[in-house]
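What follows is calculated from the coordinates using simple rules that are stated; it is not laboratory data. Bear in mind that the values here come from a model prediction, so they are computed numbers and not experimental data. Backbone-built Cβ (ideal geometry, glycine too); neighbour counts: all protein chains shown.
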Amino acid sequence: MNDAPGITPKSTITCPECGHRSTDVMPTDACQFFYDCKGCGAVLRPLQGDCCVYCSYGDVKCPPIQAGAGCQD
Ligand SMILES: [Zn+2]
């Protein structure tokens, strides 16, 4: 997978349970559905209408969304 210009590959997730923040590199070719909080161990899932945890809890949306392609399951 090539990194398209203008795509930010990293997103900082803020855990809704404990407020722990963690910056991670997102997969560019898939959506991450589950995310284990490194602070409290909670398993985060996307909110309704979101395709992945980065869209719900991250400060940067996932690469497919940034590219305007949307996310397919
Ligand atoms: Zn947490």
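At a glance:
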read-out	value
Qualifying positions in region 33-73 - outside any loop (DSSP other than H, G, I, E, B), within 20 Å of residue 6 (Cα to Cα) and in contact with a helix residue (DSSP H, G or I) (Cβ under 7 Å, 6 or more places away or on another chain)	55, 65
Subset of region 15-61 [among the acidic types (Asp, Glu) and either over 15 Å from residue 71 (Cα atoms) or within 15 Å of the ligand (Cβ to nearest atom) (or both)]	17, 24, 36, 59
Filtered residues of region 22-32 (kept if surrounded by fewer than 16 Cβ atoms within 10 Å (Cβ to Cβ) and not in a strand (DSSP E or B))	27, 29, 30
Residue in region 12-21 that is touching a His at 6+ places or on another chain (Cβ under 8 Å) and either part of a strand (DSSP E or B) or touching a residue at least 24 places away in the same chain (Cβ under 8 Å) (or both) present	yes
Unique residue being crowded, with 19+ Cβ neighbours inside 10 Å and among the β-branched types (Val, Ile, Thr) when the list is 60, 43, 53	53
